Amino acid sequence: MKKYQIALIPGDGIGKEVIPECARVLKTLAKCYSKISFDFQEFDWGGDYYRQHGVMMPEDGLDALRNKDAILFGSAGDPDIPDHITLWGLRLKICQGFDQYANVRPTRILPGIKSPLRQCEPHQLDWVIVRENSEGEYSGVGGRAHQGHPTEVATDMSILTRVGVERVQRFAFNLAQSRPRKHLTVITKSNAQRHGMVMWDEIAVQIAKEFPDVTWDKELVDAATARMINRPESIDTVVATNLHGDILTDLAAALAGSLGIAPTGNIDPERRYPSMFEPIHGSAFDIMGKGLANPIGTFWSAVMMLEHLGEKDATKCLMTAIEKVTTNPALHTRDLGGTAMMKDVTEAIIKEIHL
Ligand code: IPM
Ligand code: MG
């Protein structure tokens, strides 16, 4: 029997609702697959912790996570705390502290879900976007001077390193190679950003040579948004810098029907540290505490976690259960235009797993 040590960080807002639901679902899975079990440890980090301690997580918090097999994260964000504090104090601290440099975001139109794209069959939209997750526009390098004076200046430097670009592009080529279409689109903006993005393009040409069986193309990020809408079927696997990936994945999630469904893995491909899995939707304070959240984004993130842990049967079982449940409009939450409550969805998933 394999026992997995899983850290649960519900964080803020609806994260506090969806993570316990996900733990219930994983416990059910463990009951059905006697080869696996989960040992959960929950951490109360986030906005409330900040109000008490002045930090989003303890100084030595990473040490408590270091030996876990994986981390399930809800969301971070609080109406009373500036966003850059909640982000850098928790999620980015973990992503960067554990060098989870590949942010993997699959997008599909699940059965029963409507895409806002007219004339788009579900099979025409099946993407995985790999977002660079350790540097680029989110490097944190920059500063402010002369605050409050007319001479005030502020900078955010986008840092691209050869090591950082090579590793994330190689990861994306590998992922593309593992998918049936074997196609990678490299997102760039080298027409306007003539240093870092030009190096990014050059490195793509170099890494592509390691993958002769993968076809690839290059797309400017602005043109990519139009292509996602007009020719979704021309896209398969995508690699983009941190900010470009951030923007394109929100568009992708919306095109697949709802931000409430979309999952993410913050992956350390070398497995030196635990990887972290989370729904894409954020804390959604407007609906928190009402039981309205869509837990599917978290459940799909758990699927990614199980896949990362190498648990093929459990991965398949949970994904099949999710697809069964989304097929039924009576089980659609409000973000999907339905009236189902979060608990209805969880119960239905648990029932499907037992089948
Ligand atoms: C995401 C989110 C975050 C990001 C926000 C909450 C800062 O949008 O995971 O895509 O930009 O990284
Ligand atoms: Mg985002």
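The values are calculated or read from the model by the stated rules, or taken from the named source; none is laboratory data. Since the structure is predicted, the reported quantities are computational estimates derived from the model, not experimental observations. Note: ideal-geometry Cβ built from the backbone for every residue, glycine included; neighbour counts use all protein chains shown. What goes into the accessible areas is simple: the full protein's heavy atoms, side chains included, and nothing from ligands, DNA or RNA. Shrake-Rupley method; radii C 1.70, N 1.55, O 1.52, S 1.80 Å.
Looking at region 46-99, which of its residues are in a helix (DSSP H, G or I), open to solvent by 60 Å² or more (accessible area, probe 1.4 Å) and more than 21 Å from Tyr138 (Cβ to Cβ)?
Within region 46-99, Asp48, Arg51, Gln52, His53, Asp63 meet the criteria.
Please pick out the residue among Lys343, Lys351 that is of a type in the set (D, E, K, R) and either in contact with a helix residue (DSSP H, G or I) (Cβ under 7 Å, 6 or more places away or on another chain) or closer than 15 Å to Val18 by Cβ (or both).
After ruling out the rest, the residue left standing is Lys343.
Can you pull out the residues in region 129-156 that are away from ligand 2 (no atom under 16 Å from the Cβ) and part of a strand (DSSP E or B)?
Ser139, Gly140, Val141, Gly142, Gly143, Arg144, Ala145, Val153, Ala154, Thr155, Asp156
Within region 206-225, work out how many residues are acidic (Asp, Glu), more than 16 Å from Arg181 (Cα to Cα) and within 24 Å of the chain's Cα centre (by Cα).
2
Among the residues of region 248-259, which ones are surrounded by 23 or more Cβ atoms within 10 Å (Cβ to Cβ) and more than 14 Å from ligand 2 (Cβ to nearest atom)?
Once the filter is applied, which keeps residues that are surrounded by 23 or more Cβ atoms within 10 Å (Cβ to Cβ) and more than 14 Å from ligand 2 (Cβ to nearest atom), region 248-259 yields Ala256, Gly257, Ser258.
Could you tell me which of the residues Asp313, Asp236, Asp286, Asp268 is away from ligand 2 (no atom under 16 Å from the Cβ), over 15 Å from the mean Cα position of the chain (by Cα) and open to solvent by less than 10 Å² (accessible area, probe 1.4 Å)?
Asp236
What residue, among those in region 233-268 that are touching a strand residue (DSSP E or B) at 6+ places or on another chain (Cβ under 6 Å) and part of a loop (DSSP other than H, G, I, E, B), is nearest to ligand 1 (Cβ to nearest atom)?
Among those that are touching a strand residue (DSSP E or B) at 6+ places or on another chain (Cβ under 6 Å) and part of a loop (DSSP other than H, G, I, E, B), it is Thr241.
Just give me the residues in region 319-343 being charged (D, E, K, R) and open to solvent by less than 70 Å² (accessible area, probe 1.4 Å), in sequence order.
Glu323, Asp335
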